[in-house]
Amino acid sequence: MERNVYLTAIEPGSGKSAVALGVMEALASLGRVGYFRPIVAGGAQPDNDIELIRRWYRLPQTYQESFGAVVDDLSAMSDRGRYDELLKRILDAYKRLD
């Protein structure tokens, strides 16, 4: 049985956060859950979606364990043709959390 759910949307403001909460609610009743975002905005403020779900479900993971890269990483690494390296970094972060 598959243990992972990947949720994506084509554009911002599509209601993905609400859907994520519903999916988490359904899965939390079945057992242990975690939450991971491949890329976050970064900066001084933590990602709102990560913090909401970490607090609501009292996830043991740290904020830093909850994402793979920040937007600045994406810009810097893709400009230098290092997209594969960035993808590996995101997947490795996800596997550590899994």
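The values are calculated or read from the model by the stated rules, or taken from the named source; none is laboratory data. Please read these numbers as outputs of a predicted model, since none were measured by experiment. Because the Cβ atoms are built from the backbone with ideal geometry, glycine has one as well, and the counts that use them run over all protein chains shown. When the accessible area is computed, the model is the full protein with side chains, heavy atoms only, and any ligands, DNA or RNA have been set aside. Shrake-Rupley method; radii C 1.70, N 1.55, O 1.52, S 1.80 Å.
Before moving on, here are some points about what is shown:
- When residues of segment 39-70 are limited to those that are among the small types (Gly, Ala, Ser) and open to solvent by less than 70 Å² (accessible area, probe 1.4 Å), the one farthest from Thr8 (Cα to Cα): Gly42
- Boolean, Asp73 is open to solvent by 90 Å² or more (accessible area, probe 1.4 Å), in a helix (DSSP H, G or I) and either touching a helix residue (DSSP H, G or I) at 6+ places or on another chain (Cβ under 8 Å) or modelled with pLDDT under 90 (or both): no
- Test: Arg32 is open to solvent by 60 Å² or more (accessible area, probe 1.4 Å), within 16 Å of Asp98 (Cβ to Cβ) and without any contact (Cβ under 8 Å) to a residue 40 or more places away in the chain: yes
Every residue, every condition in (1) out of contact with any Ser or Thr (no Cβ under 7 Å at 6 or more places or on another chain); (2) part of a loop (DSSP other than H, G, I, E, B); (3) of a type in the set (Ser, Thr, Tyr), yes or no:
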| position | (1), (2), (3) |
| --- | --- |
| Arg3 | yes, yes, no |
| Ser17 | yes, no, yes |
| Ala26 | yes, no, no |
| Arg32 | yes, yes, no |
| Pro38 | yes, no, no |
| Pro46 | yes, yes, no |
| Glu51 | yes, no, no |
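- Filter result (of a type in the set (D, E, K, R), open to solvent by 70 Å² or more (accessible area, probe 1.4 Å) and assigned to a helix (DSSP H, G or I)) within segment 76-92: Asp79, Asp84, Glu85, Lys88, Arg89
- Inter-residue pairs, beta-carbon under 7 Å, first under 14 Å from Gln64 (Cβ atoms) and in segment 40-54, second of a type in the set (Lys, Arg), 6+ apart: Asp47/Arg37; Ile50/Arg37
- Taking first residues from segment 60-83 that are free of Cβ contacts under 8 Å to residues at least 12 places away in the same chain and partners that are part of a helix (DSSP H, G or I), the Cβ contacts under 6 Å between residues at least 6 apart in sequence or on separate chains come to Met77/Leu86.
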